[in-house]
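Chemist: There's a structure below that I have some questions on.
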Amino acid sequence: MAPVVLQMSCVAGLLGIAGLTIFLSRAKSATAIVYSLTLAVSLLALFGSIRSLLGGVPDISDLTLPIGLPWLGAHFRMDALASFFLVVVNLGGASASLYGLGYGHHEPAPHRVLPFFPAFLAGMNLVVLADDAFSYLLCWEFMSLASWALVMAHHREPGNAKAGYVYLVMASFGTLALLLAFGLLAGPAGDYGFAAIRIAQHTPYAATLVLILMLLGAGSKAGLVPLHVWLPLAHPAAPSHVSALMSGVMTKVAIYGFIRVIFDLLGQPTWWASVVVLILGGITAVMGILYAMMEKDLKRLLAYSTIENIGVIFASLGLALAFQANGLKLAAALAFTAALFHVLNHSLFKSLLFFGAGAVLTATGERDMEKLGGLIHRMPQTSFAVLVGCVAISALPPFNGFVSEWLMFQAVLQSPELPQWALKITVPAVGALLALAAALAAACFVKAYGVTFLGRPRGAAAETAHEVDRYSLVAMFILAALCLLAGILPGLVIDALSPITTAILSGRMPIQANEPWLSIVPIAESRSSYNGLLVMVFITISASLAVFFIHRFASHALRRGPAWGCGFSDSTPAAQYSAGSFAQPIRRVFGTLLFHARDHVEMPAPGDTRPARLRIELHDLVWEGMYAPIAGAVGYSADWLNRLQFLTIRQYLSLVFATLVTLLLVLAIWS
Amino acid sequence: MVVISDIIVQGVQMLLVLLLAPLLTGFVRKIKARLVRRQGASMFQPYRDLLRLLRKEVVLADNASWLFRVTPYVTFAAIWVAAALVPTFATGLPFNWTADLIAIVALLGSARFFLALAGMDVGTSFGGIGSSREVMIAALAEPAMLLIVFCMALVAGSTQLSTVANFLASSYVGLRVSLGMALIALIMVALAENARIPVDNPATHLELTMVHEAMVLEYSGRHLAMIEFGAFLKLLLYISLIACVFLPWKIALFGTGPLAYAIGAGAYIVKLAVAGFLLALFETATAKMRVFRIPQFLGAALMLGLLGTLLLFVSRSF
């Protein structure tokens, strides 16, 4: 069976499950049935896409279905790029289904989630498979609507209705931008097939417009600043395994769209396009992680951290564009591989972390970190898996996050070769922004993990928490293991990605499997090399040596006692550092400028026994500076136009008459 | 045969850094004491402190989790591996090819990540204040460090420390503005990362003024010994890093014989002593800053690193 047929059958299977679910969603066993079926289908699709990706370069297969526009049909195609993104989508789908097998039982309204879950998965698969603009947009819309339904699953919870509304508006806006982009790509001949678009010549103006429209369309779905505002509202609103899919996988589908159009369909890029993408990526990375640092809601923090990672990916893509525009194929392949590697990594650890947040939510009913704490004692397995995720997302060796960041920094170091002055100045500055984002990410996840899982419980819910079910744990541990594997065997991943760079950039990184000891070497060993496996082995050996000598020669005596705390050992758990206080130094350093952050201290007069109060004031300048004025303008003009609804019949008639006369006048003057 | 001798040299290097690290700290303390006309403890006092800590029992807070007990070993191992990756008396050691300068920065980052978590584990406010300030300092020091790495890598054409040291030792590089900026920035980052004056005071035990010491406040016995040892090693690592990049004088180049290794080791010890003396001199001459002055201090390091890198992007000959 051709790979694309297998994938389409899986999609049909997922849609079938969605249809079936409508009938049995009120049944008691529906949750188990639906998630096991989606798990099976996702695994099949995952297997198919991995086989197709590793199968080699010419493994491209097409399929045309007699649906869609008359005489055109719907085209689907699977090449190396699509295969890779299908691996990401279906890996996320399979792990979310496995997690859902356990987590789904805590769902208060399963009939609001179950039908849309497989439909959402099917939608994401279809977007990646689509091979003509019409099917692409249709599938994109289908994916957006299915995820919107999932965001609205708990529509009575405060804030969710607004999240759904903002999401819908932003998704429609994004689709509009994509529609226009494809319209420009199709050109006057109007052939919507990707094959025709790929061959067609695009004028520089059209190419510029397409780039801007794709940044608006795909960027709004991925969460590029300043189009990110819906993301921290919508992603946390959905059930946790859906949040994992939206944050870890759907943003990747948007990146797929961007890559497909800009790198594949548009042809040779211009160099200044890369400056735009680079700057947007760098700003997104730093802003995203700073927002995350200020956040105390665990799931919102994770959503903001997704924005950071999207920024990192876009910055790498911008580098790839810059190299590609100047014909530096090897460097372009390096930057592009870094971006794709980070796509895979982020889907792994972000899903893991959202699963962890879901486990915390199940166990305590809390998303507010300031009411949690000490969960490492109550939920040892969950906290171990989440710790792995936190280390991986903080880009620390030997886990996978470090490898993609390392590749990206190596790509930055290739850029003095670039001839344009603007790039010569932009690239190091963006490199500095990315380094800042990486360091802040580590700080942010120290905060997230430390406040949630360590310390003493800050409330009754955290005190009585229990470990979650086995399915959820297995899903988390599989992802944690994959994070480690991709980190210690990065050469295999890079080699698996090379068909994509060969097909799209007609360049590739050196074959890593030939390197001794599974090192990865982007250019040459004397320039830079990294070996995750050996780093891990060395750390293990030196830690074991230390433990061995300590336990052989040092005192074994151990006494448990109250914490010393410089004599304040009986303080209440509320005296611990909380999320807000932990972020305070960084808020003072960056927040005063970027968020207009102010700390207000209300100190009662001496002798007054009222407690002193600290109030923190934060502003989302993007929302206040950009969206609020637009919303205000729309509201104002709607109010104003509303008067037209209440005219008398005479006024209506005169209005129609005046319009007619004006139009005739215009026509007369025009001709 | 070559492999075996390589591994022996590498082993010697790893033992050497382990043995020298406490002595370096003791030396700096002794010089500081002499400079303010105190007698000071013996240079070998850090060894005695470590041994005494090892013999003591551990008092563990009731609330401490497994993470708290594992962290000293993880931290120590990460710093030790990072130190093994830096060429000290010879370049081209087998471990040097495992990872490059970016990985060394990240390994030190891992050590700090776990220490900061451990600071929050017991659930007292002092641990929290230490962790929170430590990550703030790191959030500024790490990007500065990466920019310094970029700067060196652009001059030497590599992020591999052995190659960098080889290049700077064997060919005429001359005085360069960008390298000068990188050196100043690296010294500033090293002061911050090692919790030295003016960023933090390693000798203080006044809770509200300390950063690193507040974070490890709850540690005792063998755990504290590992953490202290890790801190000694980190100071040695940064000085070795500065020495191997900016002063690769007499460093044994790859593939040279035992005599070169001996000369290299001698030169290395001299370099450590000089750096230790300068550090002590600097620390007695300055005062500690307020916590919220630190961002300006590190921001200057970040700017210097960025300027150095930009200069190199503009022209390779700066």
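Chemist: Answer yes or no: is there a residue in the range A:604-618 that is in contact (Cβ under 8 Å) with a residue 60 or more places away in the chain and assigned to a loop (DSSP other than H, G, I, E, B).
Modeler: For the range A:604-618, residues in contact (Cβ under 8 Å) with a residue 60 or more places away in the chain and assigned to a loop (DSSP other than H, G, I, E, B): present.
Chemist: Name the residue that is nearest to B:Met145 (Cα to Cα), counting only residues in the range A:409-457 that are β-branched (Val, Ile, Thr) and more than 9 Å from chain B (Cβ to nearest Cβ).
Modeler: Among residues in the range A:409-457 that are β-branched (Val, Ile, Thr) and more than 9 Å from chain B (Cβ to nearest Cβ), the one nearest to B:Met145 (Cα to Cα) is A:Val430.
Chemist: Can you find a residue in the range A:197-207 that is assigned to a helix (DSSP H, G or I) and either at pLDDT 95 or above or among the charged types (D, E, K, R) (or both)?
Modeler: Yes: the range A:197-207 contains one or more residues that are assigned to a helix (DSSP H, G or I) and either at pLDDT 95 or above or among the charged types (D, E, K, R) (or both).
Chemist: Right, next: Starting from the range A:496-524, keep only residues that are under 15 Å from A:Ser404 (Cβ atoms) and within 14 Å of chain B (Cβ to nearest Cβ), then list their pairs with residues that are surrounded by 17 or more Cβ atoms within 10 Å (Cβ to Cβ) and of a type in the set (A, V, I, L, M) whose Cβ atoms are within a distance under 7 Å, requiring at least 6 positions of separation or different chains.
Modeler: Close Cβ pairs satisfying both conditions: A:Ile520/A:Ile494; A:Pro522/A:Leu334; A:Pro522/A:Leu407; A:Pro522/A:Met509.
Chemist: Please find, among B:Val199, B:Val173, the residue that is within 17 Å of the chain's Cα centre (by Cα), among the β-branched types (Val, Ile, Thr) and not in a helix (DSSP H, G or I).
Modeler: B:Val199
Chemist: Identify, please: which residue in the range A:624-671 is within 18 Å of A:Val169 (Cβ to Cβ) and loosely packed, with under 10 Cβ neighbours inside 10 Å and is, among those, farthest from the chain's Cα centre (by Cα)?
Modeler: The extreme case among them is A:Ala638.
Chemist: Out of A:Phe568, A:Phe553, which single residue is of a type in the set (A, V, I, L, M, F, W, C), within 8 Å of chain B (Cβ to nearest Cβ), surrounded by fewer than 17 Cβ atoms within 10 Å (Cβ to Cβ) and more than 18 Å from B:Arg55 (Cα to Cα)?
Modeler: After ruling out the rest, the residue left standing is A:Phe568.
Chemist: Just to confirm my filter: which helices (runs of 4 or more DSSP H) fall fully inside the range A:240-316 and include at least 1 residues that are within 16 Å of A:Ala332 (Cβ to Cβ)?
Modeler: In the range A:240-316, A:251-259, A:271-294 are the helices (runs of 4 or more DSSP H) which contain 1 or more residues that are within 16 Å of A:Ala332 (Cβ to Cβ).
Chemist: Now a separate question. Take B:Ala82 and decide whether it is in contact with a Pro (Cβ under 9 Å, 6 or more places away or on another chain), of a type in the set (A, V, I, L, M) and in contact (Cβ under 8 Å) with a residue 24 or more places away in the chain.
Modeler: The answer is no for B:Ala82.
Chemist: For the range A:520-537, which residues satisfy the criterion of being surrounded by 20 or more Cβ atoms within 10 Å (Cβ to Cβ) and outside any helix (DSSP H, G or I)?
Modeler: Correct list: A:Ile520, A:Val521, A:Pro522, A:Ser528, A:Ser529, A:Tyr530, A:Asn531.
Chemist: Follow-up. Being under 23 Å from A:Ile393 (Cα atoms) and polar (S, T, N, Q), is that true of even one residue in the range A:249-271?
Modeler: yes
Chemist: Every residue in the range B:112-166 that is within 15 Å of A:Gly450 (Cα to Cα), more than 7 Å from every other protein chain (Cβ to nearest Cβ) and hydrophobic (A, V, I, L, M, F, W, C), please.
Modeler: B:Phe114, B:Leu115, B:Ala118
Chemist: Given the condition small (Gly, Ala, Ser), within 14 Å of chain B (Cβ to nearest Cβ) and out of contact with any Phe, Trp or Tyr (no Cβ under 9 Å at 6 or more places or on another chain), answer yes or no: does some residue in the range A:480-490 qualify?
Modeler: Among the residues of the range A:480-490, not one is small (Gly, Ala, Ser), within 14 Å of chain B (Cβ to nearest Cβ) and out of contact with any Phe, Trp or Tyr (no Cβ under 9 Å at 6 or more places or on another chain), which makes the answer no.
Chemist: Name the residues in the range A:538-549 that are within 9 Å of chain B (Cβ to nearest Cβ) and either hydroxyl-bearing (Ser, Thr, Tyr) or surrounded by fewer than 19 Cβ atoms within 10 Å (Cβ to Cβ) (or both), would you?
Modeler: A:Thr540, A:Ile541, A:Ser542, A:Ser544, A:Leu545, A:Val547
Chemist: Let me ask you something else. From the residues in the range B:80-100 that are within 9 Å of chain A (Cβ to nearest Cβ) and among the β-branched types (Val, Ile, Thr), which one is farthest from the chain's Cα centre (by Cα)?
Modeler: Among those residues, the one meeting the criterion is B:Thr98.
Chemist: While we're here: Mind checking whether some residue in the range B:176-196 is surrounded by 24 or more Cβ atoms within 10 Å (Cβ to Cβ), in contact (Cβ under 8 Å) with a residue 24 or more places away in the chain, not aromatic (Phe, Trp, Tyr) and not in a helix (DSSP H, G or I)?
Modeler: Scanning the range B:176-196 turns up no residue that is surrounded by 24 or more Cβ atoms within 10 Å (Cβ to Cβ), in contact (Cβ under 8 Å) with a residue 24 or more places away in the chain, not aromatic (Phe, Trp, Tyr) and not in a helix (DSSP H, G or I).
Chemist: Does the range A:311-363 hold any residues that are closer than 30 Å to A:Trp421 by Cβ, surrounded by 24 or more Cβ atoms within 10 Å (Cβ to Cβ) and of a type in the set (S, T, N, Q), and which are they?
Modeler: A:Ser316, A:Gln324, A:Thr337
Chemist: Can you pull out every residue in the range A:94-118 that is at pLDDT 95 or above and surrounded by fewer than 24 Cβ atoms within 10 Å (Cβ to Cβ)?
Modeler: Result: A:Ala94, single match.
The values are calculated or read from the model by the stated rules, or taken from the named source; none is laboratory data. Keep in mind the model is a prediction, meaning the values are calculated, not measured. No Cβ is skipped: glycine too gets one built from the backbone with ideal geometry, and neighbour counts run over all protein chains shown.
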